Amino acid sequence: MKLHYQLNAAFTTLLLVILSVTGFVIYSLILNLLVQDEQRQLKQNGELIVTFLNEEFGTIQNFQQFSDFIEEQDLQLFVYDKQLNRILDSTMANNVEKGFFLNNDFADENESLWEYGNDKYVTSRISFYPESRGLQLILLTPLNDLQAVQHNFFVRMLIVFIVGAGAAVLLSYFLTNKLVTPLSRLKSQLKKIEKRQFDQIERINATGEIKEVEQSVFEMAEELQRYMKSQQTFFQNASHELKTPLMTIQGYAEGIRDHIFDQEDEEKGLEVMVTEVKRLKTIINEMILLAKLDSEQAAYQPKEIVVSELVDQVIDRALPLVNEKGISLTHDVEGDLTLHADQEKLLRALLNITFNGIRHARSHVKIKATKINHMVTITITDDGEGVPEDLVQHIFHRFVKGKNGETGLGLAIARAIVEQSGGKISVEQAEHGGAKFVLRFFGEIDKK
Ligand SMILES: Nc1ncnc2c1ncn2[C@@H]1O[C@H](COP(=O)(O)OP(=O)(O)OP(=O)(O)O)[C@@H](O)[C@H]1O
Ligand SMILES: [Mg+2]
């Protein structure tokens, strides 16, 4: 069943239960109230009559007049002698009077509901003065009259309840509709995400938690789209990168097999094949490393490392290349800086960046490590041509490379390692041109 109907059904059932219980309670209370009110009125009337009779017909000589007065009253009443347990007088016919006397215990003062025939009567009893005479006036009202009032009241209450319930159900229908509509719209947007129709996703007007969910779904779709795009480019680039050396190898291999080349070209071909196979091996190793960094936490073994030692290791390994290129490599490391990271991997990341710098620098590469805002910050700056603007956005993506690039995996590996170490890597323009790579680490352990 749809949520909309479920909510409405639940609300309507709840409403019906509440109204039925309320109706039942009111219906049963109202008769009691009416009986009590009737008894109070009967008592008031009775007291008036008794006072009047006490004053006017206090003596036995006046009994005839007393009796006449009683019969004139437009009320149902008895004059009862408690001591003799006998009806002295009443406004009713003799047989009715007898019927009442037979059916009910006149002496029982606690019984206020009497029966006669199929009807019930509310009674009220007032003693004549002095009470020791045992003379009582008993007034009656048929319960039927009260039940008619009760019924009348109940019918009105029912009408009010039905109209009220109708309005409430309509309102609930309207409100649940308002609540559920964004959800069903969201569902259709999720269907689009499932079918990867990212361009057709629309924003939904909603409030409160649904708005938050909608925002999250939208962000998730954007992230998914970005991820799928990057995966797609990754596969395209990867297959291209692997295909190029393979085609070279294939070309030379076929040429050698078919004896197309002379001795000299054949040797050159074999040399190229060995180089290309090495390159393939490097690419595949780097891809495996990246996949490991992405998926295997165990591949990463962090410990406390001293930044100055790490930078020394970078310099040692970079020196041959620096000498070969005839440029200078300097470093400036603040003492006592430590990091919590996998030393081997972080060395690899720094080497990737430094080798890039050496390759692009005109005359100088500088490694600097310092503490900024409680964060260990390592910068590697060169004075080369800098990173082309169109490359800056994607430079850390896999297989993204510039004009004189090699595989385009070095910086992707560096980023994966830096992020695994709880840091962030970014690239900016150096002050005097050239590229400046900045590595910021948040989880620094300060020894000082
Ligand atoms: N210091 C730099 N100055 C200018 N451009 C740079 C610099 N470092 C990197 N780049 C650009 O970024 C691209 C990507 O670098 P990355 O290290 O990821 O790949 P690569 O150096 O081409 O190959 P490899 O995977 O062998 O490192 C490079 O091809 C280059 O165009
Ligand atoms: Mg590189």
Expressed as a whole-number percentage, the relative contact order of the chain with C-alpha contacts under 8 angstrom and at least six residues apart is 10
Carbon plus sulfur, as percent of the 1.4 Å-probe accessible area of segment 317-419, comes to 48
Over segment 367-414, with neighbouring protein chains present, the accessible area per residue in Å² at probe 1.4 Å is 50
From highest to lowest solvent-accessible area (probe 1.4 Å; ligands, DNA and RNA excluded), F441, F198, F154 read F154, F198, F441
Counting only protein heavy atoms and leaving out ligands, DNA and RNA, the solvent-accessible surface of T181 at a 1.4 Å probe, in Å² to the nearest 10, equals 50
For segment 214-286, the per residue accessible area (1.4 Å probe, Å²) is 72
Once all protein chains are kept in place, R440 shows an accessible area at probe 1.4 Å, nearest 10 Å², of 90
Counting only protein heavy atoms with a 1.4 Å probe and every protein chain in place, the carbon and sulfur fraction of the accessible surface of segment 45-191 in whole percent equals 55
Any DSSP H helix in the chain with Cα axial reach of 18 Å or more and mean Kyte-Doolittle score of at least 0.0? Listed by number, the hits are 3-56, 143-194, 307-325
Restricting to aspartates and glutamates and to Cα separations under 18 Å from K345, and discarding same-chain partners fewer than 8 apart, the set is E286, D294, E296, E304, E309, D312, D316, E419, E444
Taking r as the C-beta separation of K192 and A298 and R0 as 41 Å, the FRET efficiency to the nearest 0.05 is 0.60
So, with points 7 Å from each Cα along the Cβ direction, the D199-D316 label distance in nm works out to 5.5
Links exceeding 26 Å between C-alpha atoms in this model, out of K371/K436; K243/K403; K192/K243, come to K192/K243
Comparing P302, P142, P182 in a Gaussian network model of the chain (Cα, 10 Å), the one with the largest mean-square fluctuation is P142
Probe 1.4 Å, heavy atoms of protein chains only: per residue, the accessible area of segment 10-122 in Å² is 65
Heavy-atom accessible area with a 1.4 angstrom probe orders V387, V21, V155, most exposed first, as V21, V155, V387
Counting only protein heavy atoms with a 1.4 Å probe and every protein chain in place, the carbon and sulfur fraction of the accessible surface of segment 192-289 in whole percent equals 55
Largest fluctuation, S216, S90, S421 only, Gaussian network model of the chain with Cα springs under 10 angstrom, belongs to S90
Here FRET efficiency (C-beta to C-beta, L29 to I159, R₀ 22 Å, nearest 0.05) is 0.70
Pseudo-spin-label distance E131 to L14, built 7 Å along Cα→Cβ, given in nm, is 5.5
If one builds a Gaussian network model of the chain from Cα atoms under 10 Å apart, the most fluctuating residue listed among E109, E38, E222 is E109
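The values are calculated or read from the model by the stated rules, or taken from the named source; none is laboratory data. The shown structure was predicted, so the numbers you read here are calculated from the model rather than taken from an experiment. Please note: Cβ atoms are built from the backbone with ideal geometry, for glycine as well, and neighbour counts cover all protein chains shown. Ligands, DNA and RNA are stripped out before the accessible areas are found, and what is left, the full protein with its side chains, is counted by its heavy atoms. Shrake-Rupley method; radii C 1.70, N 1.55, O 1.52, S 1.80 Å.
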